[in-house]
Amino acid sequence: MNQLHACLSVSGALLLTALCGLFSAPRAHAEEDARRATPPPGKALVFVFRSEREPVAAQVPVLVNLEPVGKLANGTFVTATVSPGRTHLRVGDRVLSIFSFEAAANQSYFVWVEAIAGLTPVRTKARVVSATEGRRLLAQSRFVGVAPSAMVAAPRPPPPRRAAETAARQPAAARKTPASTESGRKWEVALIASGGTFKMANGNQVLAGLASTFDTTSNSVFDVEAEWRSKAGIAMGAEVFHYKNDLVATGIPSGRQEVVVALVNGKYYFRVANWFYPFLGAGVGYTNATYGNGFTGKTKGLAYQGLAGMELRFEQIGFQVQYKYLASTTGDTGNEVKVGGRGILAGVSIAF
């Protein structure tokens with residue numbers, strides 16, 4: 001009897017072990033197969049994994065080329081098969097981290113996603129890393145999903161004669177293209193506040209019929225901008241530029257010129273790296289010059305400017321340096337005052 005109990009105990013243990021193996025082996029093999037996956041011919045394979053030093057509890061959704069591929073917790077990864085060309089990733093829920101890179105056929109790419117601790121709602125940052133570093137971190141990660149495009153063949157298109165009929169039967173929301181669906185997310189708003197130095201180009205001028213000497217070195221130099229930035233690098237916005245100059249005129253020991261320039265600008269940001277954006281720009285607007293301390297009066301005129309600079313971007317915060325050339329003449333014919341010049345400004349930008 002004791003031998004029978006012993007045999008039953010051993011048999012039960014073996015059966016339990018076999019059943020555990022049946023359930024655990026497929027999962028282990030699936031994860032290992034996912035780590036070793038290679039792109040199909042003519043396609044690219046993207047591994048998106050999350051790893052952070054200070055773990056953040058929240059899961060973040062991942063979309064590759066507008067297609068949901070899964071939600072990442074710390075220490076997990078997903079894969080997606082994409083066509084060669086520009087590949088776009090969107091990571092997050094209420095606050096999106098948008099990242100893109102150029103994918104080549106028959107290549108694998110490893111994108112490291114990291115959640116930033118202490119921020120609510122959760123914010124993330126993403127970057128492409130080397131295959132060596134990517135494989136190392138994948139070995140420590142758990143597989144949680146794969147894009148449907150990598151698992152299911154694309155549906156066959158309807159015959160040409162029925163294509164228009166099929167489209168007409170679809171709801172309006174289903175007929176939207178990815179571009180139209182995402183058009184509201186292709187732009188972001190940035191506020192820029194700057195200060196620096198500005199020097200008038202003309203020091204000796206005639207003001208109100210009096211020979212006047214301007215202190216060309218301006219004071220109270222500051223600048224405020226609001227611009228709409230495209231992911232393609234184009235930016236459009238409005239700017240208010242302010243500065244003051246002391247002056248001395250014949251018979252008047254001291255005076256003060258205060259200039260406020262309102263401009264509409266266009267810029268182009270060149271993406272050299274994820275954080276480094278040189279730019280060129282131009283603007284047109286209107287100048288209002290006010291005089292006091294011995295002078296009273298106002299003059300107005302058109303303004304034009306050229307810009308060149310660079311911005312260092314870190315998440316939503318940026319640091320900007322720019323060279324400004326401003327051309328503006330105020331006043332009536334015969335009483336013009338040239339208030340333009342050139343300067344260097346430095347400031348901070350905040351993107352929303």
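Table for the structure above
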| quantity | calculated |
| --- | --- |
| Calculated from backbone phi, Karplus (6.51, -1.76, 1.60) coupling profile of region 277-284 in Hz, x at Gly/Pro | 9, x, 8, 10, x, 8, x, 9 |
| Solvent-accessible area of H88 with every protein chain in place, 1.4 Å probe, in Å² to the nearest 10 | 90 Å² |
| Separation of alpha-carbon centers, region 91-140 and region 221-267, rounded to whole Å | 40 Å |
| D246 accessible area, assembled protein chains, probe 1.4 Å, Å² | 60 Å² |
| Vicinal HN-Hα couplings computed from phi for region 205-210 (Karplus, 6.51 cos²θ - 1.76 cosθ + 1.60; Hz; Gly/Pro x) | 9, 9, 10, 6, x, 10 |
| Net charge of Cβ neighbours under 11 Å - reference A346; Lys, Arg +1; Asp, Glu -1 | -2 |
| Percent of Cα pairs exceeding the 20 Å cut-off, where the set is region 72-142 | 33 percent |
| Of the chymotrypsin sites (Phe, Trp or Tyr not before Pro) in region 200-229, those whose Cβ has at most 13 other Cβ within 10 Å and which sit in DSSP loop | none |
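The values are calculated or read from the model by the stated rules, or taken from the named source; none is laboratory data. All values reported here derive from a predicted model rather than from experimental measurement. Note that we place each Cβ from the backbone using ideal geometry, even for glycine, and neighbour counts take in every protein chain shown. In case anyone asks, the SASA skips ligands and DNA or RNA and just uses the protein heavy atoms, side chains included. Shrake-Rupley method; radii C 1.70, N 1.55, O 1.52, S 1.80 Å.
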